[in-house]
Amino acid sequence: MAYSEVETIRKTLPKTALTDLAKEVVKRVANNLRAPIPPELRPTSAQIDELCQALLSQDPLAAIGLIEQAQRKGFSYDTLCQIYLAGAAARLGEWWDEDQLSFYKVTIAASGIYAILRTLRLQRTLPAQDLRRSAIFASVPDDTHTLGITVAADMARDRGWDITLLTGLSHDALVEEVENQDTALIGLSASGKRVLPAVLKLIVALRLCKPKARIMICGRLAAMDLHLDGIVGADVAAADFDTAFDYMEKMMNTAPRAP
C-alpha cells in the first residue's frame, strides 16, 4: 500500500516538488543516524551499499527483503530506522551531492525509504499512550490564509482542548517546533491546491519526526477529493469544522490510555 501511494505522488507532482520530497526524506532519515553504534549493530559498508542498490532498483520488494532479513536477525525498529536506513539515506545523499545519481533514481530510492518506514511503523506494536486533550494546529508554510485555523483553534479550546497554534512559520521552523512538543494530534490547514507540494513535504517530515502522532488535513484542500488520508500518510482529511471535531473526539474515545 505504501509503495502504491508514493508512486501516485510521483506521477502527480511536478519535478520540482518531487525533488523537494526526495530531499526531505533523505535529509530527515539521514539525520536520524546515531553515534556511537555498538559494533554488533553496525552495518558494514557493503551492507549499506547493498541496501542502496536495492532501493535504486526497479523491484519495490528488493529493499524490504533486506529489511526483513535484518528483522529476522533481531534488529530492532530503532536500529533499522536510526542506523540501517539512516546509513543508506546518508550514502544516497552523498551520491546525489556528487552527481552520481540522477533525479529519477533519487526519487525511486527516497520513495522506497519512505515506504519502508511507513511499513515498519504499521507493523510496530506501540505502548499505550497517556493521551491528553491536546493538539497542534498549524498553517502550512507559505499559506497566508490563517483565519480558518485560528477560528478552529478557538472553537477547539471552547470544547476543552489544549491547542498550540502555529502560523507563519517556515517549513524547517515548523517541523522543529512540532518535534519539540508532545502531542497526539497535528492538524494542518491548507487553503488550496497551490500549497499541495508544501503539504506533502510537511507530512513526510512530520511522519518521520513524530511517527506516533496522527495527522489531520483541514481547510479547502481537504474538500478536493485528493485522497490525502492515503497519500503520504495523513490519517484523515476534514473538510469542515464538524468533521474535524468529530474525529478528534473519536480519537480520544478509542485511543488506549496508560494505566
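The values are calculated or read from the model by the stated rules, or taken from the named source; none is laboratory data. Keep in mind that this is a model prediction, so the values were computed, not measured. Heads up, the Cβs are rebuilt from the backbone with ideal geometry, glycines too, and the neighbour counts pull from every protein chain shown.
Under the condition of being in a helix (DSSP H, G or I) and within 25 Å of the chain's Cα centre (by Cα), the residues counted in the range 142-158 number 6.
Return the residue satisfying two criteria in turn: it lies in the range 159-201 and is in a loop (DSSP other than H, G, I, E, B) and hydroxyl-bearing (Ser, Thr, Tyr), and of such residues it is surrounded by the fewest Cβ atoms within 10 Å (Cβ to Cβ).
As a first pass, look at the range 159-201 and keep what is in a loop (DSSP other than H, G, I, E, B): 159-161, 167-170, 180-184, 190-192.
Now narrow it down to the ones that are hydroxyl-bearing (Ser, Thr, Tyr): 167, 170, 183, 191.
Working: 167: 18, 170: 10, 183: 19, 191: 18.
Restricting to residues being in a loop (DSSP other than H, G, I, E, B) and hydroxyl-bearing (Ser, Thr, Tyr), the top hit is 170.
Pull up the range 202-215, narrow it to residues that are of a type outside the set (Val, Ile, Thr) and buried (at least 18 other Cβ atoms within 10 Å of the Cβ), then point me to the one that is farthest from residue 146 (Cα to Cα). Steps first, please.
We begin by selecting, within the range 202-215, every residue of a type outside the set (Val, Ile, Thr); these are 202, 205-214.
In the following step, the residues that additionally are buried (at least 18 other Cβ atoms within 10 Å of the Cβ) were identified as 202, 205-208, 210, 213-214.
Working: 202: 17, 205: 21, 206: 20, 207: 23, 208: 25, 210: 23, 213: 22, 214: 21 Å.
My answer is 208.
Does at least one position in the range 205-216 carry a residue that is within 23 Å of residue 118 (Cβ to Cβ), of a type in the set (A, V, I, L, M, F, W, C) and at pLDDT 90 or above? Write out each step before concluding.
So the first thing to find is which residues in the range 205-216 are within 23 Å of residue 118 (Cβ to Cβ), and the list is 205-216.
Among the residues that remain, those that are also of a type in the set (A, V, I, L, M, F, W, C) are: 205-206, 208-209, 213, 215-216.
Remaining after also requiring at pLDDT 90 or above: 215-216.
Scanning the range 205-216, I find at least one residue that is within 23 Å of residue 118 (Cβ to Cβ), of a type in the set (A, V, I, L, M, F, W, C) and at pLDDT 90 or above, so the answer is yes.
Within the range 202-213, being part of a helix (DSSP H, G or I) and more than 18 Å from residue 111 (Cβ to Cβ) holds for one residue alone: 209. Filtered by the rule that a residue be of a type in the set (D, E, K, R) and modelled with pLDDT under 85, the range 24-52 gives 24, 27, 28, 34, 40, 42.
Each row is one residue, and each column tells you yes or no for (1) of a type outside the set (A, V, I, L, M); (2) crowded, with 19+ Cβ neighbours inside 10 Å; (3) under 22 Å from the mean Cα position of the chain (by Cα); (4) part of a helix (DSSP H, G or I).
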position: 50; (1), (2), (3), (4): yes, no, no, yes
position: 53; (1), (2), (3), (4): yes, no, no, yes
position: 108; (1), (2), (3), (4): no, yes, yes, yes
position: 120; (1), (2), (3), (4): no, no, yes, yes
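Taking the conditions exactly as written (surrounded by fewer than 22 Cβ atoms within 10 Å (Cβ to Cβ) and modelled with pLDDT of 80 or more), does residue 130 satisfy them or not? No: the conditions fail for residue 130. Take residue 100 and decide whether it is outside the structural domain of residue 212 (by TED's automatic domain parsing) and of a type in the set (S, T, N, Q). In short, yes. Taking the numbered list (1) modelled with pLDDT of 85 or more; (2) in a loop (DSSP other than H, G, I, E, B) in turn, residue 125 passes all entries but (1).
Taking the criterion of being among the basic types (Lys, Arg) and without any contact (Cβ under 8 Å) to a residue 24 or more places away in the chain, the residues of the range 51-106 that qualify are 72, 73. Between 101, 61, 55, 21, the distinction of being among the aliphatic types (A, V, I, L, M) and modelled with pLDDT under 80 belongs to 21 only.
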